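This report concerns only the one structure given below.
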Amino acid sequence: MRESSVAGIQRGLHGQIVEVMAQRILSGTIPEGATINVPDLQADLGVSLTAVREALKVLTAKGLVDARQKRGTFVRPRSDWNLLDPDMIRWHFSDSDVRPELLEELHEVRGIVEPAAARLAAVRAQDSHLEALDAAMAAMESAADDHAAVAADLAFHRALLAATGNELLTKMEVIMETGLADRDRLVHKVKPSDDPVPSHRRVLEAIRAHDPVAAEQAMRELLAKAAEDLHEVRGS
């Protein structure tokens, strides 16, 4: 029992070190191309050299850093970063106040992916997919607070991607989830009375009717409303 508890603490510390180092790189505190002085970093973080090296292995796997003989450990160019990695997406959106354009980028991705996904879902959705969409709608209608509303919205869009029957599209939920949750929380703070149910209901009913044209159009209208909300929030 004690060993398990200690292991959990160690994993927690390791994750914190990775996240602190990643945020320094993503924010530009440690810029692209910079050489990382590992002993100095270890002293700054107040952890063991082994812990820093283990964290650097994680960041190396995500394309953030690399090491070369004579040069040492350095930050790789942004073009080499694995921006689709789930942790990278989460770290990016935790910094969305610094980079508000991330929400705009998310909306552009959604505008490309989700209308086409709705069209495919209208053609391919099976009973199990419709049940998942119905459950998400029910949760959205009964949501008593922002947390429940955000969870229901994520469940709906996750179910929509699953209804396409395309495994690669389903994996797009990695991009959608963190960013969509961040966007929802921001909008709900400024527009708490805004009702997302009607726009989502139109998408669902078009999918249920197996009408791909109507499903795509309903999703475009939903996204147009989302863009309007985002611009209003950012303007305020």
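The values are calculated or read from the model by the stated rules, or taken from the named source; none is laboratory data. Keep in mind that this is a model prediction, so the values were computed, not measured. We place every Cβ from the backbone using ideal geometry, glycine too, and count neighbours over all the protein chains shown. For accessibility, only protein heavy atoms count, side chains too; no ligands or nucleic acids. Shrake-Rupley method; radii C 1.70, N 1.55, O 1.52, S 1.80 Å.
Confirm whether Arg11 is in a helix (DSSP H, G or I), at pLDDT 90 or above, more than 16 Å from Asn82 (Cα to Cα) and open to solvent by 80 Å² or more (accessible area, probe 1.4 Å). The answer is no for Arg11. Residues in segment 198-222 that are buried (at least 16 other Cβ atoms within 10 Å of the Cβ) and hydrophobic (A, V, I, L, M, F, W, C): Val203, Leu204, Ala206, Ile207, Ala214, Ala215, Ala218, Met219, Leu222. Among the residues of segment 40-54, are any more than 19 Å from Val174 (Cα to Cα), buried (at least 16 other Cβ atoms within 10 Å of the Cβ) and modelled with pLDDT of 95 or more? No.
Going by what's in this entry, would Ala138 be described as at pLDDT below 95, in a helix (DSSP H, G or I) and over 21 Å from His107 (Cβ atoms)? So Ala138 fails the test.
Annotation: Phe74 fulfils all but one of (1) of a type outside the set (Gly, Ala, Ser); (2) surrounded by fewer than 18 Cβ atoms within 10 Å (Cβ to Cβ); (3) in a helix (DSSP H, G or I); the unmet one is (3).
Here the condition is being at pLDDT 95 or above and either touching a Lys or Arg at 6+ places or on another chain (Cβ under 6 Å) or part of a helix (DSSP H, G or I) (or both); of Ala148, Ala181, Ala152, Ala116, it holds for Ala116 alone.
For the criterion of being farther than 15 Å from Gly15 by Cα, open to solvent by 20 Å² or more (accessible area, probe 1.4 Å) and hydrophobic (A, V, I, L, M, F, W, C), Ala67 passes. For Leu83, the conditions (1) within 15 Å of the chain's Cα centre (by Cα); (2) open to solvent by less than 50 Å² (accessible area, probe 1.4 Å); (3) among the aliphatic types (A, V, I, L, M) all hold with the exception of (2).
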